[in-house]
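The values are calculated or read from the model by the stated rules, or taken from the named source; none is laboratory data. This is a predicted model, so every value here is computed, not measured. Cβ placement follows ideal geometry from the backbone for every residue including glycine, while neighbour counts extend to all protein chains displayed. These area figures cover heavy atoms from the full protein model, side chains too; ligands, DNA and RNA do not enter into them. Shrake-Rupley method; radii C 1.70, N 1.55, O 1.52, S 1.80 Å.
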Amino acid sequence: MNALNRLLMVLLSAALLVGGIIVFIYSLGLFGYDLQSLWEGAQLSAWRDSIVQLVSQLEQGRAPAATVAVLVLVLLVCLVLLVLELRPARPACARLTEDVCLHPRVVDAGAEQVLESDAAVLDSRRGVKLYRRGGVGLRALALVRRGEDLSQVRARLDANLRRSLVESWGVPLRKMSLDCREIDPRRAKVRVK
């Protein structure tokens, strides 16, 4: 959304700059131009008449369906852009204290270290999400060797993650989902332990 906003602001600023230069030249009478010829040359009276006609057609309910559809579409697009602009942005880091901020890659690396330090885990996938109202969400998938009891491995990893991230590091963990699945050791990226 930021790229679209920047593009719109650049276009609006460029249009205002060009318009300001033109009005400045016409208002000072430079190069043989005067302000009266600007209003006549721009044919603003024709535009005004067409806008008045459109408004009167809309008021009377005689406007073409295509015109009404375009106006409704423009209104909806403007409303969506306004809502997206007013919605607060996601934070770039998780605030631990007033002066300390934790980047999601650090949380991801810490979770990876805890998950893959377990002998039953051959590989893992993680996702870290920062919440607008503070806190961190962690989704982790532990790929476990065949034959292991998945519920015991999951309980052990859950306890290790909470102890390491929350108690040791002080990560404000709001939500954590941990899943364990079996994997063939030949398909795991990590060497067999």
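Side notes on the structure shown:
- Pairs meeting the criteria (first residue in region 122-143 and among the hydroxyl-bearing types (Ser, Thr, Tyr), second residue open to solvent by less than 40 Å² (accessible area, probe 1.4 Å), beta carbons under 7 Å, at least 6 apart or on different chains) are 124/115; 124/140; 124/141; 124/142; 124/143; 131/137.
- Pairs with Cβ under 6 Å, 6+ apart, first in region 46-75 and without any contact (Cβ under 8 Å) to a residue 12 or more places away in the chain, second among the aliphatic types (A, V, I, L, M): 57/63
- Apart from one condition, residue 80 fits all of (1) in contact with a Leu (Cβ under 7 Å, 6 or more places away or on another chain); (2) hydrophobic (A, V, I, L, M, F, W, C); (3) not assigned by the TED database to the domain that holds residue 179; the exception is (1).
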